[in-house]
Amino acid sequence: MTCPHCAARLLAKERTGQVCSRCTKRFALDPKIHGRGMNDLRIRRIAAKATEGGRLRMTVTQLWYLSRTYSSCREAKPARGIRPGVRWLVATPLALLLLAVGALLHGPAGPIAVTAAVAVVVVAASVMRYRPAEAPRSYISPSEGAFRQMMAGAWQAAYRKLPPGVVDDGPRAPEPRQSPVDRPEAVILCTDHAVAVFLRVNGIPAKLKALLVEARPSAAPEALVDVPEGLPVVVLHDASALGALLAPLLRQAHPDRVVLDAGLPASAVRRRRGAVHQVAKAPRASAADLRSVAGLSEADAAWLAQGIWSPLAAVPPRRLEAVVTAAVRQARASRAAGLRSPDGFLTWPAEPPTTVGETSRTKGAPAG
């Protein structure tokens, strides 16, 4: 690896204890210890690009998603084949019958019957082999816990602070929280803690004259009770079943408000190469509800109904800032024009694909 201080190329024996043998300075991450792709120069480069050289600030969670070296998600698979008891109950008598017929017949018919018996056994043993149903599974490397430990431990020990432009988003907020603003003209309802911290530390709600309300999806309707009446609401959420249902349910609970769904739509990440896909442990909504209530397509509803979701925090900060700004302006314009809440999701702007190699050589390019 390359020393982040003197740029010397170091062998494993030349960086014992995460100290460069050339310049004798300490560095934070060693790929041999912390995993492939985990080195100081790469983390700094990703943070500098995401923050646009210091114009924006980002959270540790956002940095984790952008710095991951591998991510994968396997969708649910139904049971296939025939159970052994049923399979052999049919195959065994049939094979024995064919063998008996082959023994009795003379000429070419005999070998044909024996061959058919062998074919029945082979098909029953392999082609029709039973494979049980598989639940969806996801994996991210490094894990969030491991990455946070790197930032709080090795990185802090080497540099005594996080990478430039990165802030600690801390623990998840257990209760709804509001960030006050004088004479708000809109409300940003955010269900992702890391995104709420990102918006707060960059002063985005204040620039947009918007009140930032942070709440879990299950507590979102109650979180708007104390918000001034009449203000349009912009909803930010992950691409998840609960997220997709949130705006329609808020429109029913608050018919007097303009509610704009600016959350991450499933259609933007379901088939996008490099998007982060994870499997939720929370209760899942049915595909029928997602189609009828949220108006999702058959494919998007079936995908989310498996419990698969994609985090809003994985969206690059620049794009996230642009989406929130456009959404608040659209919500204010809708209110001024006396329009009702628009159905569906805000149209997210397209973004060029991430260069493979900046985050990894894998399935792990950041969403958006």
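The values are calculated or read from the model by the stated rules, or taken from the named source; none is laboratory data. Please read all numbers here as calculations on a predicted model, not as lab measurements. For neighbour counting, all protein chains shown are included, and Cβ atoms are generated from backbone atoms with ideal geometry for every residue, glycine included. SASA here: full protein model, heavy atoms, side chains in, ligands and nucleic acids out. Shrake-Rupley method; radii C 1.70, N 1.55, O 1.52, S 1.80 Å.
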Charge-dipole axis of segment 150-233 as Lys and Arg at +1 and Asp and Glu at -1 on Cβ define it, positive-most pick from Val187, Pro163, Leu199: Pro163
Evaluated at q = 0.12, 0.16, 0.24 Å⁻¹: base-10 log I(q)/I(0), Debye formula over Cα of segment 175-271: -0.34, -0.60, -1.33
Solvent-accessible heavy-atom area per residue, rounded to whole Å², over segment 2-42 at 1.4 Å: 55
Beta bridges per DSSP with both ends in segment 175-227, % antiparallel, nearest 5: 40
Whole-number D in µm² s⁻¹ for segment 7-66, Kirkwood Cα-pair radius fed into Stokes-Einstein, 4 °C, 1.567 mPa s: 101
Cut-off 16 Å (backbone N to label point 7 Å along Cα→Cβ of Val225), residues of segment 178-206: 178
Taking segment 14-69 and dividing mean pair separation by its residue count, relative contact order in percent (alpha carbons under 8 Å, at least six apart): 20
Förster radius 41 Å - calculated FRET efficiency between Ala157 and Thr325 (Cβ-Cβ, nearest 0.05): 0.60
Projected-area mean, segment 277-316, by convex hull of Cα positions, square nanometres: 3.1
Cβ crowding within 10 Å averaged over residues, with 198-205, 217-224 ranked highest first: 198-205, 217-224
Sites Glu298 and Leu11, calculated FRET efficiency, Cβ-Cβ separation with R0 41 Å, nearest 0.05: 0.15
Top positive-direction residue, dipole computed over segment 206-345 with Cβ charges, set Pro248, Pro221, Leu211: Leu211
Computed lengthening from Ala103 to Glu144, 0.36 nm per intervening residue step minus Cα-Cα distance: 8.2 nm
Extension reserve of the Lys207-Leu94 stretch, reckoned as 0.36 nm per residue once the Cα distance is removed: 32.9 nm
With every protein chain in place, segment 188-312: carbon and sulfur % of accessible area (1.4 Å): 52
